[in-house]
């Protein structure tokens, strides 16, 4: 009977791998929302693995930031795009798909060789020993972050601020100066419902010129 | 008494990284591409935390924290770009975005 920690590790590892594989499978992954849900499951399993490594702060951050904020952002964007089945078609088989899978396997094989060589003869250390106290608590990580890595921490906050501003600037609708002289009620119709070239009231074109030829 | 060898965590992280890499190379939906990148970042985080636990370094936790911060910024900007490109071209496939190829 293996020890319970090892059983828990194997359960969490299997869950992570299965969820990650489900994310990639073409049958389930054709709709990106299925991939997003599978990835959320993988992130929760990874949070359990972080907890096994006694990384308390990172476990909380994994659930709050990754499974919470980032994946909610993904699902919101998927819902905002409102993809039709025609938008989700993907080539079923192509030579670069095989090549990509082989390359992924190759990289894993190389990494596995190195890991096995490096950790093969290693004696397992006693993690319950007081000499090996866990260091992942909020106090330990916070002390490290606010003393040694203070500059990097402040730079990370600046990076997040810039990213937030950049995301707003990139994603906001630019309806006013693309083709309409003044905000017209006709523009509120989604242009996919209007045939291309239809002249709407106020002289607004149904389509911005850049989207010609991109219709399916 | 420890029961999980360090190599277990590292091998799992390598598998996740390989899956993420295969996803980036085989899928053409830009949303799934971004998700695969997030998976690869998580594999790196798992490696950092495993070494931090088994070697007694707190630096791994700090580094993983910064990886999460950068991943959040990358996801926000990347998804905003996906939205902008989708408004312009009505596609989420990277193969359709080849304006620089002519």
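Averaged across A:75-81, how many Cβ atoms of other chains sit within 10 Å of each residue's Cβ atom?
Numbers: counts 0, 2, 10, 4, 0, 4, 8.
Average neighbour count from other chains, rounded to a whole number: 4.
Can you give the mean number of other chain Cβ atoms that lie within 10 Å of the Cβ atoms in peptide B:40-48?
Shielding by partners across B:40-48 averages 4.
What order, most packed first, do the peptides A:74-83, B:4-13 have when packing is the mean number of other Cβ atoms within 10 Å of each residue? Mind dumping the intermediate values first?
Details: A:74-83: 16.2, B:4-13: 20.9.
Highest mean packing first, the order is B:4-13, A:74-83.
Counting partner chain Cβ atoms within 10 Å of every residue's Cβ in A:101-112, what's the average? Don't skip to the end; give the middle numbers.
Working: counts 7, 2, 6, 12, 4, 3, 6, 9, 2, 2, 9, 6.
Mean inter-chain Cβ contacts per residue within 10 Å come to 6.
If a paramagnetic tag sat 7 Å from the Cα of residue A:5 along the Cα-Cβ line, which residues of the range B:54-83 would have the backbone N under 19 Å from that point?
B:54-58, B:61
Pairing the Cα long axis of helix B:30-55 with the longest principal axis of chain B, what angle in degrees results, from 0 to 90 and rounded to the nearest 10?
Roughly 10 degrees between the two axes.
Along Cα→Cβ, 7 Å out, is where each label goes; now give me the distance between the ones at residue A:25 and residue B:59 in nm to one decimal.
Going from the residue A:25 label point to the residue B:59 one covers 4.2 nm.
What is the packing order of peptides A:149-157, B:70-78, taking the mean over residues of other C-beta atoms within 10 Å and listing the highest first?
Result, highest mean first: B:70-78, A:149-157.
Which order do A:135, A:73, B:99 fall in if you start with the one that has the fewest other Cβ atoms within 10 Å? Working shown, then result.
Numbers: A:135 21, A:73 18, B:99 7.
Final ranking by Cβ density, sparse to dense: B:99, A:73, A:135.
Going by the alpha-carbon gyration tensor, a ≥ b ≥ c the square roots of its eigenvalues, is chain B rounded (a/c under 1.5) or, if a/c is not under 1.5, prolate (a/b greater than b/c) versus oblate?
Details: a/c = 4.12, a/b = 2.24, b/c = 1.84.
Prolate is the answer for chain B, as a/c is 1.5 or above and a/b outweighs b/c.
May I ask you to order B:35-46, B:50-61 by the average number of other C-beta atoms within 10 Å around their residues, highest value first?
Details: B:35-46: 23.8, B:50-61: 20.5.
In decreasing order of mean packing, B:35-46, B:50-61 become B:35-46, B:50-61.
Calculate, in nm to one decimal, what residue A:72 and residue A:148 gain on full extension: separation in residues at 0.36 nm each, minus their alpha carbon distance.
Details: separation 76, 0.36 × 76 = 27.36 nm, distance 3.25 nm.
Extending this stretch completely gives an extra 24.1 nm.
Could I have the simple spin-label model distance between residue A:84 and residue A:14, label points 7 Å from Cα toward Cβ, reported in nm to one decimal?
Result for the modelled spin labels: 4.3 nm.
To the nearest 10 degrees, how steep is helix B:59-89 against the longest Cα principal axis of chain B, on a 0 to 90 scale?
It works out to around 10 degrees.
Could you work out how far helix B:6-26 tilts from the main Cα principal axis of chain B, as a 0 to 90 degree angle to the nearest 10?
Roughly 10 degrees, rounded to the nearest 10.
Each value in this text was obtained by applying a stated rule to the coordinates, not by laboratory testing. The structure presented is a predicted model; accordingly, all values stated were derived computationally and were not measured. Cβ coordinates were reconstructed from backbone atoms using ideal geometry, including for glycine residues, and neighbour counts include every protein chain displayed.
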